[in-house]
Structures are given as structure tokens and as C-alpha cells.
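This report refers to the structure that appears directly beneath it.
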Amino acid sequence: MWLVNLSGAALIALIVWWFWLYKPREQAVGDEGLVILVENGSYHPAHIKIPANRPTELQFLRKDPSPCAEMVLLPDLEISESLPLDKTRKILLPPMKPGEYQFHCQMQMYRGVIRVELE
């Protein structure tokens, strides 16, 4: 009986950590831009930090043959780009105001966020 209770408590702790306490690492974009790998159902990195009011180049490299990985959308910027398999696609982001901007596939299964900050 105690094993069931202990397992339940561990599962609850894992759920709390995953949904409320986990903070993914952010990757800052350097002067050369940043390559975002699209594979295994996700973007790597999926949390990106860029400076405000400066155009920025992102590069997407699609390794996932899934049809869902074919497109990347940045709805707030009205950007929609096709991602060829095993090739890099450059996307130039315009100067943006501070805030968070989502990017995702057509079905929103692959998801990421760009955080724009003042330097």
C-alpha cells in the first residue's frame, strides 16, 4: 500500500514540475544568427532570445520527414515559410518590439517562442 502512495506522490510531483516549475533554457541569437533544428517532433532550441529593434536571421534545418514539420509559422509577424527536408532555410525577422512571439507548425504540434528584449 505504501508503494502505491509513494508512486502516486512521485507522479504528482513530476506533473507539478513539468507543467508549472520547469523553465526551459533559452538560446540567445549571436551575430551569425541561429540554426534551429526541426526533428523528433520539436524545435531545438525552442526558446530563443533576440535583441529588440534589430533585424535578426534565424535558420531552420528540417531533419523530420513528418508533413507537420514542412511549414513554420510566425503568426504575429505574418511569416509562413516552407522548410525543405535536410536543407537550411533562412528567415529574416524584422526589427521587433520587446515581447514574446510564438512560432509553430501548421497544426501547432511543434512549438517555440521568441523572446525579444531590450539590450
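The values are calculated or read from the model by the stated rules, or taken from the named source; none is laboratory data. These numbers were taken from a predicted model, which means no experiment stands behind them. We work out accessible area using only protein heavy atoms, side chains counted, and drop any ligands, DNA or RNA first. Shrake-Rupley method; radii C 1.70, N 1.55, O 1.52, S 1.80 Å.
Figures for the structure shown
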item: Most to least accessible of L83, L37, L11 (protein chains only, probe 1.4 Å); result: L11, L37, L83
item: Surface per residue (accessible, 1.4 Å probe) for the chain, Å²; result: 67
item: Protein accessible area in the stretch 29-78, 1.4 Å probe - carbon and sulfur %; result: 47
item: Helical contribution to [θ] at 222 nm, DSSP H n ≥ 4, -39,500 (n - 2.57), averaged over the chain, rounded to 500; result: -4000 deg cm²/dmol
item: log10 of Debye I(q)/I(0), alpha-carbon scatterers only, for the chain at 0.09, 0.19, 0.22, 0.23 Å⁻¹; result: -0.31, -0.98, -1.23, -1.32
item: Helix 2-16 axis, angle to the chain major axis (alpha carbon atoms, nearest 10°); result: 20
